[in-house]
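For reference, the structure is listed below as structure tokens.
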Amino acid sequence: MKVAELLKNIGAGKLAPVYLILGKEDYNAQRISTAFIESMPEDQRTVNIGQYDMESVSLSDAIGDALSAPFFGDRRIVFIKHPYFLLAKNKKVKIEQNIDELINYLDNPEPTSVLVIFAPYDKLDERKKLSKRLLKKAVVVENGFLDEKNTRDYLKLLLKNKGYSIEPQALEMLVRKTEAKLSLAMNELPKLMILAQKDKEITESMVAQMVAQTLEQNIFDLSDLVLNKQSKKAIEMYHDLILQHEEPLKINAILLGQIRLLLQVNVLQKHGYDQGNIASALKVHPYRVKLALKKSRAVKRLELRNAYLGLVDLEEKMKSTQQDPTALFELFMLGYFKEKRIQMKLS
């Protein structure tokens with residue numbers, strides 16, 4: 001089931017006993033949560049809605065709540081969040097969960113309760129008995145990231161419904177600065193609408209003024225400079241990030257991840273994968289894959305490999321010495337680590 005269909009059903013009062021909201025789109029997850037809450041009379045919400053985070057609360061408490069009769073109302077709504085036990089690798093948490101209770105509940109759900117399980121994951125471990133049972137018994141709602149086109153269309157329609165318009169260049173910049181993630185873009189819209197309140201049109205200059213570029217976006221730009229061997233500009237940008245109190249190891253980790261993505265995309269594309277299949281295989285937002293595809297076509301795989309190995313060596317130096325991070329990055333840009341690696345092979 002799609003998110004739009006679920007919201008329509010909730011509005012019409014057509015509710016199932018158990019829902020699984022599967023995917024990482026935070027904005028739609030919040031819309032779903034709000035719709036369920038607003039489906040209940042306001043004076044009943046305090047006593048008939050329960051929210052349980054599985055990383056800190058017992059599953060037994062959540063199931064016990066779902067099995068309870070509604071208090072002065074027709075139904076109870078129980079939200080389960082972060083069900084890590086549905087994944088292949090369980091997170092290390094302090095609390096041990098008795099998943100058999102949930103398996104038993106799925107076989108005999110309480111008719112006056114609605115159990116909503118938010119699983120912010122790409123997929124479940126379908127080898128597990130609980131995952132199999134949940135996928136079979138629950139209404140599964142697809143809540144994955146929207147692709148770039150759907151994100152654009154949603155933003156334009158929402159603004160139109162609120163009496164606003166947005167310049168094409170402004171929309172392009174907003175999508176780029178928020179990496180086409182709907183939840184990030186929606187966080188920026190309120191301040192843009194306030195700024196555009198007079199003429200009801202959001203302009204490119206407004207987006208440039210109000211929407212800050214994320215660290216990931218800055219490092220995406222930095223990776224361009226690194227791969228294009230624009231040493232002076234790359235070092236200046238790195239120095240600026242350090243002045244903004246960004247951690248050198250964090251910068252390097254994100255930069256390393258970006259180069260790794262380019263390598264993976266490069267390899268998968270050569271094996272016939274298209275954009276959608278690559279995004280699915282790597283569990284990466286489609287917009288990031290689109291940008292990586294464009295960039296990887298312009299860079300030889302050997303250059304990507306050398307940059308990746310150089311960044312690995314740079315990280316090792318950062319962790320093992322007290323040398324200035326900017327000075328180490330300068331050595332990286334000058335090919336020092338690449339040369340050292342060649343010398344090690346020859347020795």
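Where a number appears in this text, it was derived from the coordinates with a stated rule and is not lab data. Quantities reported herein were computed from a predicted structural model and do not represent experimental measurements. Please note: Cβ atoms are built from the backbone with ideal geometry, for glycine as well, and neighbour counts cover all protein chains shown.
The table that follows gives values for the structure above.
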item: Residue among Arg260, Arg288 that is buried (at least 19 other Cβ atoms within 10 Å of the Cβ), in contact with a Phe, Trp or Tyr (Cβ under 9 Å, 6 or more places away or on another chain), among the basic types (Lys, Arg) and assigned to a helix (DSSP H, G or I); result: Arg288
item: Residues of the stretch 13-45 satisfying the condition of being among the acidic types (Asp, Glu) and within 22 Å of Pro111 (Cβ to Cβ); result: Glu38
item: So Ile103, is it surrounded by fewer than 17 Cβ atoms within 10 Å (Cβ to Cβ), farther than 30 Å from Leu158 by Cβ and out of contact with any Gly (no Cβ under 7 Å at 6 or more places or on another chain); result: yes
item: Long-range neighbours under 6 Å by Cβ, at least six apart or interchain, first residue touching a residue at least 12 places away in the same chain (Cβ under 8 Å) within the stretch 1-27, second aromatic (Phe, Trp, Tyr) and assigned to a strand (DSSP E or B); result: Ile21/Phe118
item: In the stretch 106-135, residue surrounded by the most Cβ atoms within 10 Å (Cβ to Cβ) [restricted to those that are farther than 23 Å from Ala35 by Cβ, touching a residue at least 12 places away in the same chain (Cβ under 8 Å) and more than 26 Å from the chain's Cα centre (by Cα)]; result: Arg133
item: Those residues of the stretch 289-335 which are hydroxyl-bearing (Ser, Thr, Tyr) and closer than 18 Å to Asp224 by Cβ, in sequence order; result: Ser296, Tyr308
item: Neighbours by Cβ (under 6 Å, 6+ apart or cross-chain): first from the stretch 63-76, in contact (Cβ under 8 Å) with a residue 60 or more places away in the chain and polar (S, T, N, Q); second surrounded by 11 or more Cβ atoms within 10 Å (Cβ to Cβ) and assigned to a helix (DSSP H, G or I); result: none
item: Glu216 within 21 Å of Lys177 (Cα to Cα), among the acidic types (Asp, Glu) and in contact with an Asp or Glu (Cβ under 6 Å, 6 or more places away or on another chain); result: no
